[in-house]
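Below is one structure, written out as structure tokens, with a few remarks after it.
The values are calculated or read from the model by the stated rules, or taken from the named source; none is laboratory data. None of the values given here were measured: they were computed from a predicted structure. Note that each Cβ is placed from the backbone with ideal geometry, even for glycine, and that neighbours are counted across all protein chains shown.
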Amino acid sequence: MSTTPTGASDARATAPGARTTEPSPPPLGVPPGPPPGPPAAIEYSRDYWDGVFQQLGRRRRVRWALALLALLYGLAIYAPLIANDRPYVLDAVDLREFSSAQRSLSGVTTNYARLMREGEAAFTAGLRPESQVRSFSEALAIERAAVDMRVTAMRRALPDDAAAPLDEYEKELAAFESLAISGSADQVSTAERGLRDTARELRNALTPLDLRNPDAGGVQLVPSKAYPLFESISRASAFFMSLWLCVLTWPLWNRLVNRVVLKGDRTRIRRARRWKFGAVLGFAALFAWVWGATVGGSAAFETSPYKAGLTSGDIVALRVVMPPVAMGFAETHINEAFRPPTWTALSELDEDGFYVRGSRTPLPDPVTGIVPPASPVEVRYGEPGLNHPLRYPLGTDKVGQDLLSRLLWGARISLTVGLISTTLLVTIGVILGSLAGYAGGRLDIAISRVIEVVQAFPAFFLILVAVAVIPSDVVPPIYSIVIVIALVGWTGVARLVRGEFLKLKSQDFVVAARALGFGTTRVVFRHILPNALGPVLVAASFAVASGILIESSISFLGFGVKLPIPSWGTVINESRDPSHWWIQVFPGFLIFVTVFCYNLVGEGLRDALDPRMKV
Amino acid sequence: MQAKSTPSEQPALLELDGLQVHFQTEDGTSRAVDGVSYRLRAGETLGVVGESGCGKSVTALSILQLVPDPPGRIVGGRILFEGQDLVRFSEAQMRKVRGNDIAMIFQEPMTALNPVFTVGDQIAETVRLHRGVGKAEARQRAIEMLTKVGIPSPEQRVDEYPHQLSGGMRQRVMIAMAMSCDPKLLIADEPTTALDVTIQAQVLDLIRGLQAESGLGVLLITHDLGVVAENANHVAVMYAGKVVEYAPVAELFARPRHPYTIGLFRSLPDLAAPGERLQTIPGIVPAAHAFPSGCRFRTRCPIAVDHCAAVEPPLVDSAGPGLPEHTVACHRLEEAAKL
Amino acid sequence: MNVSTPHAGAVPTGAAAAPSALAREVPPVHVAVPDPLLSVAGLEKLFPIHRGVFSRHVGDVRAVDGVSFDVGKRETLSLVGESGCGKTTAGRSLLRLIEPTGGRAAYFGSGAGVELFDLSRGDLRRVRRDLQIIFQDPFSSLNPRMTVANIIGEGLRVHGLARGEAVDEQVAELMQIVGLRPEARNRFPHEFSGGQRQRIGIARALALKPKFIVCDEAVSALDVSIQAQVVNLLKDLQGEFGLSYLFIAHDISIVKYISDRIAVMYLGRIVETATTKELFERPAHPYTQALLSAVPHPDPTQRRQRILLQGDVPSPINPPAGCHFHTRCPVAIARCRTEYPAPTAISPTHQAACHLVEQHAGPAPAAG
């Protein structure tokens, strides 16, 4: 075919040698004459998104903004690992846990035995309307689990040679259980009494050796290893942590996969892109699932008793590894309320808990004239010392919670709200906008009217009303905020997409696609939508910024997340007293930085997507 | 590179002398106009032809110093208008020249007119700015100009907005605006490309008429060799930021010398016999940031030799003594003559 | 009705079509050809105009107002006319890329004729393989997000004409046919020059092995030297694959070079149809004469007498009564203002709709 006269004349154009020493913009369309020797290598070029990202990367401001956002999201995702009152590793004897199990064993045994003895009929008869557990078998299982939990807890700490009384107890329990099914009523009551006595005796038989008072004697308990912090990490957290790790190390393993697995074949590399996205998501999901099944997800409470136990000596530790910020986000230090950042001179406290500098000394109450007493400050295990500059690098709030920890954890809510609300509103906007733009006619008119109506809503007040009206125990307020932001915010994206569709619909390449006999789905999803998404991306990054701002404002007004869960807005809401400057400055700064970065990225995207840009 | 000037000829209205306009782009310096010289005498029309990207429009914009800076910049050469070098003019001086001594009309009359003002306002504005006349007088002048460019019922049209006019009408309004201050030079940048042939004929006819009336010099920039043939006195052929050939129109069309000009003529379907294949210039115009070394046409030239890559051919007069000036920039004129 | 040609017998002609709501008093210009590939009769496209709050229908833009023509096998028929005359709309509504509002189009690609305008969407998709289009703007006609290989190969994949490796092979072959290096197949459209992009568009149209291609101002946006390359390519392809073209253009010189027959349109209707030779030697309609004389000729030694038309093309919303051209016609008579002229046959292959044809059919003002 290449011998068509055009081809031949064009071939002459390529000056001799031009094919071997290719100039920087190669003469793309010039066909070769008769193929000389081996076929020329296939050429590749950056595709649209490569070009966009390269353009983005060329702007230093955008690079900074992206790096800062990556850092902020990293901090938010890894906040549980950075700021927590649970230790990473705890190799200890938990005296408190042991004795509480030991003390309560007889109680739970009694409950279990009674339930077993009285049987299903009595349980049903005694059922009160408000009780949560409605079925006998369920109640039985709960009571049995309570017994097991205590036995397990005690066994873990007991050395093998001291566990004989526990074995005895378990034997008796098994005997009672078999009797309860087959034996007579008398036999059962006798066995029940015996079991109760054994349980009570265990208290004396297994008194642990108190290290503070070793002369009293008792059983020497065995330390066991635990990972309380990791156990508290939920499946969702594990998913995002592994995902973020993959994202940040993308350049590394991407290069490795390209070279080793795909052997540098550019066709395969281009085709593998979608597959890689899937692989990363799949890996993170798998990791989260395995995590949930083995280690994590066991913490039900926002604070843990480990630090208090370690401080009081209830937990005797061989080895404790605390996270870098050893403060839980909901851990209170009631005697250090509104303490300024500890690196400031104002923050210095004396032994009694009074501020050394007069200005921060508590003032007498204007009515009673009583100076509020300050009680000595408790420095818990693993925390920096009383006046250590890094004790509270960002100060505390009104119940003495560490602001740094709260801000790290608060980033999770604040950043997520922006992202999720934007995802929602972009989805709604793209669907409705493309419907209106592609279908046209009545549908277009209808959707356009809806857009106009929704745009007339005062969004902020609508959110306030929604949060106030929707009962917070049915839908947590943070969800209502997200949903309402999305429900009032989609119009901008919809308009944009509609406009793009109207423009693209009549473009020749879309007409060409129809002329080639392609169906509507293909025309919309392959030819129109990808070309309409650029401006949407720009709008989305601005929407994330505004979502973060709206959430902060709502939380600042006190309608946001429920305490003690922090978000940046709720942290600011802790105090409006100008002398508590740290409460307003630090979270305010974080909100500012995030919003500013998103706006920079949005603007950078807008420039990068500019039709005049040189790809 | 100096254009030859014969003492007997009247002095040039406009003379470009080695004009260089460069653009700073991400791919490097783009030498969009790189040593362009041509001359235009009062009352004559100089046609500047070339393919898109050859720098013909940038040259025109730089005469009025309307090249956006950055990225564009006049880096060398002179623009002599009535003997004065416009490159040295201050912005304030240039403002007095623009619209007054030198006027310009553009390819797309829809975008060149401000949609929120009536055409009368737009013409009057120019007049008032440069002539300092009153409102009523300026309006009178606007009506007069509309009459002159052949717009029917100008008293009504003067109060209409650009969107109410057809494409041909708009181009007439543009011309009326350009001519309202009796300029000495009219730069017409592809003035008829957006118009239909019958309207194009009307507009070109109008420009010719105005020229005959006022002794206007016209710089006619176009890609259409037909338009040049019928309207220009002299022709400058541009390729890749340079003038490759300059001659009186009849001479150029009768005896094109440069291989590019020859190729251009051969690829015109008008001149091909029916059924005969069109001759083509192979390849594509090189990008402005990557012009080849030496002669810029050599990558597409059928008779290029190594010397063409090494040495840039100067623009020299190849006409014999006594004949009208015919300058060409080619090393291989004898071989080209056999093409 | 249909001004007789000796071969008109088997073909559905303009005689069959008078679909316009507006009663047409005269038949359209229509020269039938023997054994046509495509026969269009009374093609009409009205764009309704809505005004006011309730979008009341207040009128129509009569973009294409009863156009009839035949395209023979291996033939190039050109539609020429000025912007707004409806030539682009005619080409697109013929392929139903814009739904026509009236008329018939019979396609004889595979034995029995198919009525294009009666096809269901599914059937139409299959027939569209045979009927392709090439666009004017080489920048908006290619999807900027797709590689050249995908642009050309997508049709093959969607219609199941090739799969896997075979697609790559066919794409490479098509690229060679249109004069592109197959090694550049993984590049994106913006990396090519205008002429090369136009070649990509041609390869895309060729991929489905069509029999008929609408070239919608296919070379108008290109530079002269590139234009010649593409015109040559189109001619080569016609010879090689036996294609028929409907060549829509406003550039008379290209049309003269490439067409077998020419139809001149003015304000939504064809005013004259003839073979290229006849049209340039003996243009019959005053509009055709003016159009031909207005074309600037690249020869400074020939100064021609030019017919300068007055004024602009009237609005297609309210076309003038009688002959649409009478408002600008230099030779109009009273009858022209009231009565639309019936086509007059000047030869079996030449018709013009003008009351004054007999008087005014003369030699062209200037021939090349």
**Complete:** The residue that is nearest to the other protein chains (Cβ to nearest Cβ), considering only those in segment C:131-150 that are polar (S, T, N, Q) and farther than 28 Å from C:G109 by Cβ, is C:S140
**Prompt:** Residues in segment C:236-247 that are more than 11 Å from C:T76 (Cβ to Cβ) and more than 13 Å from every other protein chain (Cβ to nearest Cβ): how many?
**Reply:** 1
**Asked** Just wondering, is there one or more residues in segment B:214-222 that are surrounded by fewer than 20 Cβ atoms within 10 Å (Cβ to Cβ) and away from every other protein chain (no Cβ under 13 Å)?
**Response** yes
**Message:** Can you tell me which of (1) among the aliphatic types (A, V, I, L, M); (2) farther than 30 Å from B:G83 by Cα; (3) within 14 Å of another protein chain (Cβ to nearest Cβ); (4) out of contact with any Lys or Arg (no Cβ under 7 Å at 6 or more places or on another chain) is the one B:I207 doesn't meet?
**Reply:** (2)
**Message:** Quick test for you: out of A:F509, A:F556, A:F525, A:F518, pick the one residue that is aromatic (F, W, Y), surrounded by fewer than 23 Cβ atoms within 10 Å (Cβ to Cβ) and more than 34 Å from the chain's Cα centre (by Cα).
**Reply:** A:F518
**Asked** For segment C:84-96, does any single residue satisfy the condition of being touching a helix residue (DSSP H, G or I) at 6+ places or on another chain (Cβ under 7 Å) and either part of a strand (DSSP E or B) or farther than 25 Å from A:L516 by Cβ (or both)?
**Response** no
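Every residue, every condition in (1) part of a helix (DSSP H, G or I); (2) touching a residue at least 12 places away in the same chain (Cβ under 8 Å), yes or no:
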{"residue": "A:G385", "(1), (2)": "no, no"}
{"residue": "A:L390", "(1), (2)": "no, yes"}
{"residue": "A:S414", "(1), (2)": "yes, yes"}
{"residue": "A:V417", "(1), (2)": "yes, yes"}
{"residue": "A:L424", "(1), (2)": "yes, yes"}
{"residue": "A:Y438", "(1), (2)": "yes, yes"}
{"residue": "A:A446", "(1), (2)": "yes, no"}
**Asked** For segment C:174-216, how many residues are at pLDDT 90 or above and among the acidic types (D, E)?
**Response** 1
**Request:** Kindly provide the set of residues from segment A:234-273 that are of a type in the set (S, T, Y) and in a helix (DSSP H, G or I), ordered by number.
**Result:** A:S237, A:S242, A:T267
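Among the helices (runs of 4 or more DSSP H) contained in segment A:73-188, which hold 1 or more residues that are under 41 Å from the mean Cα position of the chain (by Cα) and touching a residue at least 60 places away in the same chain (Cβ under 8 Å)?
Qualifying helices (runs of 4 or more DSSP H): A:79-82, A:95-125, A:136-157.
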**Asked** Residue check, B:V316 against (1) surrounded by fewer than 19 Cβ atoms within 10 Å (Cβ to Cβ); (2) β-branched (V, I, T); (3) closer than 24 Å to C:A228 by Cα; (4) under 23 Å from the mean Cα position of the chain (by Cα), all met but one. Which one?
**Response** (3)
**All positions within segment B:286-316 that are over 19 Å from B:K338 (Cα atoms), in contact with a strand residue (DSSP E or B) (Cβ under 7 Å, 6 or more places away or on another chain) and in contact (Cβ under 8 Å) with a residue 24 or more places away in the chain** = B:A288, B:H289, B:F291, B:R296, B:L315
**Message:** Tell me yes or no: at least one residue of segment C:101-117 is over 30 Å from C:V295 (Cα atoms) and of a type in the set (V, I, T).
**Reply:** yes
**Message:** Which count do you get for residues in segment B:229-284 that are within 14 Å of chain A (Cβ to nearest Cβ), touching a Phe, Trp or Tyr at 6+ places or on another chain (Cβ under 6 Å) and not aliphatic (A, V, I, L, M)?
**Reply:** 1
**Fill in**
Selection from segment C:274-286 of residues surrounded by fewer than 18 Cβ atoms within 10 Å (Cβ to Cβ) and either touching a Pro at 6+ places or on another chain (Cβ under 7 Å) or of a type in the set (S, T, N, Q) (or both) yields C:T275, C:E281
**Asked** Being touching a residue at least 40 places away in the same chain (Cβ under 8 Å), surrounded by fewer than 18 Cβ atoms within 10 Å (Cβ to Cβ) and either more than 14 Å from A:G382 (Cα to Cα) or touching a helix residue (DSSP H, G or I) at 6+ places or on another chain (Cβ under 9 Å) (or both), is that true of even one residue in segment A:273-281?
**Response** no
**Prompt:** Restricting the first residue to segment C:288-300 and requiring it to be more than 7 Å from chain B (Cβ to nearest Cβ), which pairs with a second residue that is modelled with pLDDT of 85 or more and buried (at least 22 other Cβ atoms within 10 Å of the Cβ) meet a Cβ separation below 6 Å and a spacing of at least six or different chains?
**Reply:** C:T288/C:V264; C:T288/C:E272; C:Q289/C:P283; C:L292/C:P283
**Message:** So in segment C:38-87, with the set limited to residues that are polar (S, T, N, Q) and more than 23 Å from C:P283 (Cα to Cα), which one is surrounded by the fewest Cβ atoms within 10 Å (Cβ to Cβ)?
**Reply:** C:S55
**Prompt:** Going through segment A:467-512 one residue at a time, which ones are farther than 30 Å from C:A205 by Cα and of a type in the set (D, E)?
**Reply:** A:D473
**Asked** Under 6 Å by Cβ, and 6 or more places apart or on different chains, what pairs join a residue from segment C:190-214 that is among the hydroxyl-bearing types (S, T, Y) with one that is crowded, with 21+ Cβ neighbours inside 10 Å?
**Response** C:S193/B:I284
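Every residue, every condition in (1) at pLDDT 80 or above; (2) out of contact with any helix residue (DSSP H, G or I) (no Cβ under 8 Å at 6 or more places or on another chain); (3) of a type in the set (K, R); (4) crowded, with 19+ Cβ neighbours inside 10 Å, yes or no:
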| position | (1), (2), (3), (4) |
| --- | --- |
| C:T288 | yes, no, no, yes |
| C:P296 | yes, no, no, yes |
| C:G311 | no, no, no, no |
| C:H324 | yes, yes, no, yes |
| C:C336 | yes, no, no, yes |
| C:A352 | yes, no, no, yes |
| C:H355 | yes, no, no, yes |
**Request:** Return a yes/no flag: does segment A:369-385 have any residue that is of a type in the set (V, I, T), exposed (fewer than 14 other Cβ atoms within 10 Å of the Cβ) and modelled with pLDDT of 90 or more.
**Result:** no
**Item:** Single residue of segment C:151-182 satisfying the filter (more than 9 Å from every other protein chain (Cβ to nearest Cβ) and over 23 Å from A:R268 (Cβ atoms)) that is surrounded by the fewest Cβ atoms within 10 Å (Cβ to Cβ)
**Value:** C:G160
**Item:** From the options C:A284, C:A345, residue that is closer than 25 Å to C:L77 by Cα, away from every other protein chain (no Cβ under 12 Å), at pLDDT 90 or above and over 19 Å from the mean Cα position of the chain (by Cα)
**Value:** C:A284
**Prompt:** Yes or no: C:V264 within 9 Å of chain A (Cβ to nearest Cβ), outside any helix (DSSP H, G or I) and at pLDDT 90 or above?
**Reply:** no
**Message:** So A:E452 passes all but one of these: (1) acidic (D, E); (2) touching a residue at least 40 places away in the same chain (Cβ under 8 Å); (3) surrounded by fewer than 16 Cβ atoms within 10 Å (Cβ to Cβ). Which condition number does it fail?
**Reply:** (2)
**Request:** Return the total of residues in segment B:158-195 being of a type in the set (K, R) and either buried (at least 23 other Cβ atoms within 10 Å of the Cβ) or touching a helix residue (DSSP H, G or I) at 6+ places or on another chain (Cβ under 6 Å) (or both).
**Result:** 2
